[in-house]
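We did not get these values from a lab; they are worked out from the coordinates using the rules stated. Note that the coordinates shown come from a computational prediction; the quantities given were computed from them, not determined experimentally. Cβ coordinates were reconstructed from backbone atoms using ideal geometry, including for glycine residues, and neighbour counts include every protein chain displayed.
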Amino acid sequence: MSGWLTVIGLGEEGADALAPTARALIDGAEVLIGGERHLAMIPDGTARRLTWRRPLSDTMDDIRAVSGQRVVVLATGDPFCFGIGTTLRRAFPDEEIVTIPAPSAFSLARARLGWSADETVGVTLHGRPLETIRAHLAPGQRLLVLSHDGATPAQVAAQLTAVGYGPSTLTVLAHMGGPDETRVTERADRWGETQVPDFNTIAVECRAEGKLKRFRGAPGLPDRAFENDGQLTKREIRVQTLSALDPRPGALLWDVGAGAGSVAIEWLLSERTTEAVAVERDPERCARIARNAAALGVPRLEVREGAAPEVLEPLPVPNAVFIGGGLTVGGLIETCWSRLAPGGTLVANAVTVAGEAVLADWCARHEGLMTRLAVSRARPVGKHLAWRPLMPVTQLTLVKPP
């Protein structure tokens, strides 16, 4: 069954631009799979034709049903640039898939604009929350954004304007590589109701107005960036906590006793492929966490309402755990440690004597690292400044043996 499933990328030029090898694979296919637009590019033949279904898992079942036959999947451009390639690789063994890519929308856009790959960030809004773009905003940043449809550029322009990035330049490139290719350029705050075709890619040159507002970059967003009721890991402590947690590509974090969700949100901001679950028993705080996640560009944060450790039972195995509250709850730290993946990191912060006692016991039993974090901030006292200390925090860091 080796190599029975072929994924072929198509551009706006259609099948006429394909290499002879790719065209021969399509001509010899027993089953053709793709969207209506791509299937229309291929002349009728003897192959059975299937279109994508929602959810995509249904189409994966369709493909399994014809495994071993000569199956060709038609994709847009590079199937591994926010395309179907990743989904197929998760569903089928590598040795069963052959991929023939075409230029991606990002490579075509960079060629049109003269932007190098190392100075741009790629984002997709195709089927994703619009707020996702906020996670990538920073003065001077260049973004390439895959649109969901023709309304996306106006929505992006409104998002940028709402958060102080109105002077940013938007260039919308539609139907790149085909006879109907178009380009429209305008400032975000002047975009208005400008119409563009559905099949488009947005290039954004980020510029901020007034005081620069950062959503991405080094950890340590200002405390005021998070809506909160006082239950917030303060900026200086948060930076140290994230450093101890050590975010890595693809890693899953449990933020237990999440409060305002600041640690989970900055974990997601630190690396685009990380995942996080914020666990909080208070329903108002859960709603607040969701609002903070959307406002700061990481709507993918999963929020679980419930009391730990019971609510942790159905969650997937984490690569990192942060316990920001509830250390004295029976079985909490034990459950987190037992569920933590081998080689994973557990970080717990305590501000009470009772919480410190739990951390000291675990540090002794598991050879962890205990750190005392004391921060003071200068605040006005009359005409002068004086140091006002924040509540000291004791932090335990444990790495689970592999």
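Data for the structure
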quantity: Dipole of the chain, positive direction: furthest Cα of Ala105, Trp362, Leu130, with charges on the beta-carbon; calculated: Trp362
quantity: Choice from Val321, Val123, Val163 with maximal GNM fluctuation in the chain (Cα, 10 Å cutoff); calculated: Val163
quantity: Cα-centred dipole magnitude for the chain, charges only on beta-carbon of K, R (+1) and D, E (-1), debye, nearest 20; calculated: 1480
quantity: Dipole of region 287-330, positive end: most advanced residue of Pro314, Asn292, Gly325 [Cβ charges, Cα centre]; calculated: Asn292
quantity: Extension gain, Arg388 back to Lys400 (0.36 nm per residue minus Cα-Cα distance, nm); calculated: 0.6 nm
quantity: Cβ crowding within 10 Å averaged over residues, with 42-49, 181-188 ranked highest first; calculated: 181-188, 42-49
quantity: C-alpha center-to-center spacing [region 348-363, region 302-320] in angstrom; calculated: 21
quantity: C-alpha long axis of helix 235-245 to longest principal axis of the chain, angle in °; calculated: 60
quantity: Computed over the chain: relative contact order in percent, which uses C-alpha pairs under 8 Å that are six or more apart; calculated: 11
quantity: Region 174-253, relative contact order in percent, only Cα pairs under 8 angstrom and at least six apart counted; calculated: 19
quantity: Under 17 Å from the Ser67 label point (7 Å along Cα→beta-carbon), backbone N, region 90-104; calculated: 90-98
quantity: The chain - mean residue ellipticity at 222 nm from DSSP helices (-39,500 (n - 2.57) per run, n ≥ 4, rounded to 500); calculated: -7500 deg cm²/dmol
quantity: Ranked by how many other beta carbons lie within 10 Å on average, peptides 191-199, 125-133 from highest; calculated: 125-133, 191-199
quantity: Read-out P(r) over Cα pairs in 20 Å bins from 0, in percent, derived from the coordinates shown; its label in (1) 29, 57, 14, 0; (2) 24, 45, 27, 4, 0; (3) 23, 42, 31, 4; calculated: (2)
